[in-house]
Each structure stands twice: as structure tokens, then as C-alpha cells.
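Worksheet for the structure shown next.
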Amino acid sequence: MTTALRRYPVLIALCLAALFMVVPFLIVVVNAVKSPAEYSEHGPLSLPKGLYLDGLKDFWQRVDYGQKLFNSALISGSVALLAAALSVLNAYAIGIGRIKGRTWVLAFFVLANMLPQEALVYPIYYLSKQVGLYDTRLSVIIVFTVIQAAFGTYLLSSVLGQFPREILEAARIDGANKWQVLWRIVVPVSRPTIGVLLVFFFIWTWNEFLLPLVMLISNDNQTVSVALGVLQGQRLMDATMTNAAALLGVLPAIVFFLVFQRTLTRGIAVGAVK
């Protein structure tokens with residue numbers, strides 16, 4: 001009975017936190033299917049009298065949303081896969097290979113991950129111009145693969161540093177070389193953690209705005225987040241279309257999160273057990 005009473009304040013606090021996060025999204029959904037006249041007459045908190053989809057259609061056609069969606073999915077998916085693979089290779093060398101100066105190497109990765117993107121804008125812009133990759137999706141994929149892999153290397157190195165040595169020794173006694181140990185033992189055992197990194201890398205890259213805004217100036221190469229920012233800057237949208245744009249911008253990331261929710265939960269649970 002005492003334990004149950006102690007849980008109520010925590011439960012109430014969690015419900016309030018959930019409402020705090022869900023209510024803004026619900027307001028966006030309501031206003032995305034509301035006509036501009038209804039919005040002007042009753043305000044943003046009123047319920048729509050009907051389903052008004054012209055805002056969604058206008059935004060889709062105005063920014064060529066299908067192309068932007070393809071660009072965002074291509075960049076985010078490529079970055080997630082490449083950054084996870086690079087993180088595994090780096091972490092295998094640092095966490096299991098025990099290379100010399102591993103502490104300093106990890107400190108370097110942490111410092112690289114803490115650098116603000118504003119400090120990277122000009123060097124990346126200059127280098128991409130020099131090698132002819134400016135205004136290409138490949139340039140953004142390379143940049144964010146390196147940025148996300150810095151965090152992934154730091155996290156996976158900590159996990160692989162605690163990897164059971166008995167399993168590795170048994171594999172080596174059975175004749176497995178370093179590559180076989182990595183792909184047949186370390187990667188399958190670390191799959192929940194790698195799955196969490198894949199989900200995080202995809203969503204983080206999807207929401208990136210500053211570097212894609214600087215690096216992708218062509219309309220055909222821009223991502224969803226850049227299209228939202230550019231169109232709002234041109235002041236071509238009313239309030240309901242702005243909400244429709246916000247809904248279309250965040251919806252793919254929510255769907256991706258829901259699809260891979262079990263992977264994320266399993267990875268966090270495995271980390272908690274360790």
C-alpha cells in the first residue's frame with residue numbers, strides 16, 4: 001500500500017510530461033486540417049468543423065514534397081548505415097583492440113562531437129567547394145557520417161570495453177581471425193546497441209537544418225527541413241499551411257520511430273541490464 005502511494009506522484013508527473021509533449025503536436029494536427037477562415041475566426045485552439053486538406057495539398061505541390069522526402073530519406077538512411085558501420089569498426093579497435101592512447105583517442109572523439117555546427121560551416125563549405133562536392137547530397141552524407149560516427153564510436157567503445165574476454169578467447173582458440181571475431185561474434189552480440197544507434201542517427205540527421213541549408217542550395221537536392229525553413233522565410237504560407245508543413249515534416253520521423261520502437265526499447269533495456 002505504501003509503495004503504491006509513493007508511485008502516484010511519479011505517475012502524475014509522467015502524465016503531465018506526456019501531455020506537455022503531446023499537446024503541441026495535437027494542436028499542429030488540428031490546425032493542419034482547418035481552413036484559414038476557421039483559423040482566423042475561432043483561433044488555433046478550436047476544433048475544425050470539417051476536414052480541410054487544401055493546406056496539405058498546396059504545401060506538397062509548392063515545395064515538391066515527394067522529392068524532398070526522397071532526399072531526406074536517402075541522406076538520413078545512408079548516414080545511419082555508414083555511421084553505424086564506421087562506429088563499429090572504430091569501437092572494435094578502441095574497445096576490444098585496446099590500441100595505445102585509447103583514452104586520448106576517445107577524448108578526441110568527444111571533443112569533435114561537442115563542436116558547434118556553426119564552427120564547422122565555413123571549413124566544410126570551403127573544402128566541399130575545393131573537391132567539387134558542393135550542392136550534392138553526397139557532401140551532406142559524408143559530413144554527417146563523420147559527425148554521427150564520433151558519438152557512435154564513443155558510445156560503442158564503452159560497451160565493447162566491457163565485452164566478455166572469455167568469448168573472444170574461445171573464438172580465437174577455435175581459429176577465428178579478427179574479422180571473423182568482429183562479424184560473427186561482436187556484431188551479433190552488440191546488435192541491440194547498434195540498432196539504437198541506427199534509430200538515433202536516422203532521426204538526428206532527419207532533423208538537421210543548418211548544414212543542409214548551407215550545403216544544399218539547389219531545389220532538387222534540398223531536404224524536408226530545409227524546404228520548410230526556406231518557404232517560411234519567403235512568407236508564402238498562411239497559418240494553416242504552416243501547420244500542414246510542420247505535420248508533413250515531422251510525420252515520417254514519427255512513423256520511423258514507431259516502426260523501430262521495439263528495437264530502441266530492446267537496446268535501452270539491454271544497456272540497463274548491463
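The values are calculated or read from the model by the stated rules, or taken from the named source; none is laboratory data. Only a predicted model underlies this, so the values are computations on that prediction, with no experimental measurement involved. Glycine also receives a Cβ, built like all others from the backbone with ideal geometry; neighbour counts cover every protein chain displayed. The accessibility values were calculated without ligands, DNA or RNA, using every heavy atom of the protein model including side chains. Shrake-Rupley method; radii C 1.70, N 1.55, O 1.52, S 1.80 Å.
Return an integer: the convex hull volume of the alpha-carbon atoms of region 1-131, in Å³ per residue.
278 Å³
Modelled label-to-label distance, V189 and I173, 7 Å Cα→beta-carbon offset: nm?
Computed distance between label sites V189 and I173 equals 1.4 nm.
Per residue, how big is the convex hull of the chain when only Cα atoms are used? Give it in Å³.
That works out to 190 Å³ per residue.
How large is the helix-only mean residue ellipticity at 222 nm for the chain, computed as the sum of -39500 (n - 2.57) over DSSP H runs with n ≥ 4, divided by its residue count, in deg cm²/dmol to the nearest 500?
After summing the helix terms and dividing by residue count, I get -24000 deg cm²/dmol.
Given a 1.4 Å probe, how much area per residue of the chain is accessible, in Å²?
Value returned for the chain: 59 Å² of accessible area per residue.
Of V140, V230, L11, which is farthest along the charge dipole of the chain in the positive direction, counting Lys and Arg as +1 and Asp and Glu as -1 at C-beta?
L11
Report in % the part of the accessible area of region 1-158 that belongs to carbon and sulfur, leaving out ligands and nucleic acids; probe 1.4 Å.
That fraction is 72 percent.
Quick one: helix 239-259 against the long Cα principal axis of the chain, what's the angle to the nearest 10°, folded into 0 to 90?
30 degrees
Could you go through region 18-28 in sequence order and give the Karplus-derived ³J(HN,Hα) for each residue, using 6.51 cos²θ - 1.76 cosθ + 1.60 with θ = phi - 60°, rounded to whole Hz, and x for Gly and Pro?
Those phi angles translate into 5, 4, 4, 8, 7, 4, x, 5, 5, 4, 4 Hz.
Tabulate in residue order the Karplus-calculated ³J(HN,Hα) for region 126-141, using 6.51 cos²θ - 1.76 cosθ + 1.60 with θ = phi - 60°, rounded to whole Hz; enter x for Gly and Pro.
Those phi angles translate into 5, 5, 5, 5, 5, 9, x, 9, 5, 6, 10, 5, 4, 4, 5, 4 Hz.
Where the eigenvalues come from the Cα gyration tensor of region 170-227, what are the semi-axes √(5λ) of the equivalent ellipsoid, largest first, in whole Å?
Semi-axes, largest first: 41, 12, 7 Å.
Can you tell me the alpha carbon radius of gyration of region 104-173 divided by the globular rule-of-thumb value 2.2 N^0.38 Å?
Output field value: 1.56.
Which FRET efficiency, nearest 0.05, do F209 and F20 yield, Cβ-Cβ r, R0 30 Å?
0.80
Just how far, in whole angstrom, is region 119-148 from region 173-193 if you go by their alpha carbon centroids?
33 Å
Roughly how tilted is helix 191-206, in degrees to the nearest 10 and between 0 and 90, from the longest Cα axis of the chain?
40 degrees
Note down the accessible area of Y154, probe 1.4 Å, to the nearest 10 Å².
Surface accessible to solvent at Y154 totals approximately 100 Å².
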